[in-house]
There are 2 protein chains.
Amino acid sequence: MAITVVGSVAFDSIETPAGKRKRCLGGAATYFSLAASYFTKARGIDMRGIERAKGKSFFWEGSYMDDLNQAKTHITDLNVFAAFEPKIPEVYADSEFLFLANIDPVLQRRVREAMPKARMVAGDTMNYWIKDHKPALLEVLKELDVLLINDTEVRMLAGKDNLVQAARAVLAMGPSSLVVKHGEYGATLFHAAAAKGEQPKQTFRAPALPLDEVVDPTGAGDSFAGGFFGYLAAQPEITAASYRNAMFYGSVMGSFACERFGTERMQELSREEIDQRFKLFRELTHLD
Amino acid sequence: MAITVVGSVAFDSIETPAGKRKRCLGGAATYFSLAASYFTKARGIDMRGIERAKGKSFFWEGSYMDDLNQAKTHITDLNVFAAFEPKIPEVYADSEFLFLANIDPVLQRRVREAMPKARMVAGDTMNYWIKDHKPALLEVLKELDVLLINDTEVRMLAGKDNLVQAARAVLAMGPSSLVVKHGEYGATLFHAAAAKGEQPKQTFRAPALPLDEVVDPTGAGDSFAGGFFGYLAAQPEITAASYRNAMFYGSVMGSFACERFGTERMQELSREEIDQRFKLFRELTHLD
C-alpha cells in the first residue's frame, strides 16, 4: 500500500564524538522514505512529488558533542523551505497512508484535507509548534490516527509530568494511538480506550538496541516512523499484533540510523539485516 | 534457599507531589527483605540478625518535588549506623545467597569474607562510594556475581558515557552479571563473556510499568533487587532463563514499591498480585 510523506528534504552538517560530515543528505522526508522503502516490494520511492524550487535547499548544522540524546543547533537556514507549500501530485492522491512529518501544522492540515482517500494518517511535531502554534496543531491532532513524538514533547503538549497521564491527555486530543519515543530506552505505544464492542489494545513497550557506538542520532526518529508506518502499510490487515510488530520495526530502523552518519546506513541495508535485528530485539525482551 | 542481606534499617521522612510521611520504616535491607520474602514459602524474614544499638536509628529526610527520578536529600542522620559493624549470626552462616546492600565497601568485603559458603553474591553501591572509595569498592566487585546499579552509577564507575561500553568495563572489574536500572524505563541485564564451552547469555531488557501515579519512589531500587534476587534464590537451578524472569520480577517489585509511601505497598502484597503483574509485564513487551 502506498504511503505519501510530506516533510523536509535537506542538507545537514553534523558533528558528533565520532566525527563530522559536511552537507550530507537529510531531512525528515528523506529518512522516513528510506526506512519505509524496505517494507515495499521493490524498495520504490516515487520522487515525482519532490519539489525543486529556485534558491538554496534547507540547511541544518548541528552537533551532539555533550549529549547524544540532544542536538545542539548551530545553523538553521530554511532557504526555499521557508515558502514551502506542499503540492500533492495527482498520482499520489490515491495513497491510503499519509505521513505528516514535522512541519507547520497549518500545512499538515492542508495536506490532510487534500488527501481525503488516506485511511490512515500518522504524524510528528516538535516543541516549537507545541509551544507557539498549539491551536493549529490541535486541529491536526483531531484528524490523526497515530502521533509519534518524544517524551518531552508529549509532556509539553499535555502539560503533565506523568507519562501515562500525559499520554491519556494527548489521546483525548484526537489520535487513536500515540507512540512516545524514549531515545536510547525505546518507545511506548499507547492506545485510546476501545470503542464499544471493540477489543481494547494494550500499551506496548519496544526496547531500543543498546548500541556500542552511536555514530550519529540524526534522523533516528524519522527512521523509526518510517519503519513503523512502512510495516503497517504493508500489512493486509492492521491488528493489535501489527502495531506491536510495527513498534519493533520502528525501533530496528531507528537503531540502524544511528550506526553511521546521515542516511549512510539507511541507504545500504538489506531486508535480511532488518529481520535479523528484529530477531535480536525479540531475544532482548522476550522471556522464552 | 536462604538469602542474607546486609544493609540499613532506617526511618524515612518523605515528601512527594502525592503527600508526605513522617518517620516511616525504610532502609535498603528493609525494602530488600520485604520484596524477597514473597519468593519464600512462608514469607519468612529471620530478624535475629537485626542489631539493636544504643542511640537513635538511621534517619533520612528527602523529597521528590521537582523530579520523581531524583531524590533531594534534606537530612541524613547516620546516628547508630555511623558505627555499624555487621555481625553475622551463626544461624545465617549457611546462607547460599548474600546481598550486600549499599553500605561502605569495606564492610561489604568483610561480610563477604565472613560468609564463605555463599555461592551467589549480589550487591549495590552508590555515587559516594564510587567517587571517594573506589579502591575498596573494586575489591568488592572482584568477588561479586551480580552488581545492581543505575545508569549514572555505571557510567561514573566505568568513566564512559556509552552504556554498552560502560557495562563491558564494569563487568571486567569482576561481576559476571550487571543489572543497570533505568528508573521509569526499566532495566538492562548485561553478562560477561561466556567461559569456554559455556553457552553465552544474552543482554536482556525488562520494562518498567508505565504508572499512572508514582506516589513515592523511595526503595524502588532495593525492592527491585529483592524481587530479582529473591526469585533467583528460589530456583532449583539458575539458568539464562532464570535471569530473564528475575529481571521481570525485579521490575514488578519496583513498580509496586512506587505505588504507596515507604513500605506500605510492599507489606501488603499477595503472590497472586505479583504474578498478575508479571503477566502484565509480559503483555507490555511480548509480540505474541
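Which condition from (1) facing chain A (nearest Cβ under 9 Å); (2) surrounded by fewer than 24 Cβ atoms within 10 Å (Cβ to Cβ); (3) touching a strand residue (DSSP E or B) at 6+ places or on another chain (Cβ under 8 Å) is the one that B:Asn162 breaks?
For B:Asn162, the exception is condition (3).
Among the residues of region B:17-33, are any assigned to a loop (DSSP other than H, G, I, E, B), at pLDDT 95 or above, closer than 25 Å to B:Leu100 by Cβ and among the hydroxyl-bearing types (Ser, Thr, Tyr)?
no
Return the pairs, sorted by first residue and then second, in which the second residue is open to solvent by 50 Å² or more (accessible area, probe 1.4 Å) and among the basic types (Lys, Arg), the first residue lies in region B:34-61 and is without any contact (Cβ under 8 Å) to a residue 12 or more places away in the chain and over 25 Å from B:Arg21 (Cα atoms), the beta carbons are less than 9 Å apart, and the residues are 6+ apart or on different chains.
Matching pairs, first to second residue: B:Arg43/B:Arg271.
If we scan region A:243-254, do we find a residue that is buried (at least 19 other Cβ atoms within 10 Å of the Cβ), away from chain B (no Cβ under 14 Å) and not in a strand (DSSP E or B)?
yes
Got at least one residue in region B:228-241 being within 11 Å of chain A (Cβ to nearest Cβ) and either more than 20 Å from the chain's Cα centre (by Cα) or open to solvent by less than 50 Å² (accessible area, probe 1.4 Å) (or both)?
The answer is yes, given that some residue of region B:228-241 is within 11 Å of chain A (Cβ to nearest Cβ) and either more than 20 Å from the chain's Cα centre (by Cα) or open to solvent by less than 50 Å² (accessible area, probe 1.4 Å) (or both).
So, in region A:208-225, of the ones that are among the aliphatic types (A, V, I, L, M) and in a helix (DSSP H, G or I), which residue ends up farthest from the other protein chains (Cβ to nearest Cβ)?
The selected residue is A:Ala225.
For region A:179-211, what are the residues that are farther than 29 Å from A:Val9 by Cα and open to solvent by 50 Å² or more (accessible area, probe 1.4 Å)?
A:Ala193, A:Ala195, A:Lys196, A:Gly197, A:Glu198, A:Gln199, A:Pro200, A:Lys201, A:Gln202
Give the residue, chosen from B:Arg168, B:Arg155, B:Arg205, that is more than 10 Å from chain A (Cβ to nearest Cβ) and within 26 Å of A:Val215 (Cβ to Cβ).
Selected residue: B:Arg155, the only one of B:Arg168, B:Arg155, B:Arg205 that is more than 10 Å from chain A (Cβ to nearest Cβ) and within 26 Å of A:Val215 (Cβ to Cβ).
Out of curiosity, is B:Ala257 open to solvent by less than 30 Å² (accessible area, probe 1.4 Å), more than 29 Å from B:Ser63 (Cα to Cα) and either more than 9 Å from every other protein chain (Cβ to nearest Cβ) or within 14 Å of the chain's Cα centre (by Cα) (or both)?
no
The values are calculated or read from the model by the stated rules, or taken from the named source; none is laboratory data. Not measured: the values here are computed from a predicted model. Glycine also receives a Cβ, built like all others from the backbone with ideal geometry; neighbour counts cover every protein chain displayed. To get the accessible areas, we keep the full protein, side chains included, count just its heavy atoms, and leave off ligands, DNA and RNA. Shrake-Rupley method; radii C 1.70, N 1.55, O 1.52, S 1.80 Å.
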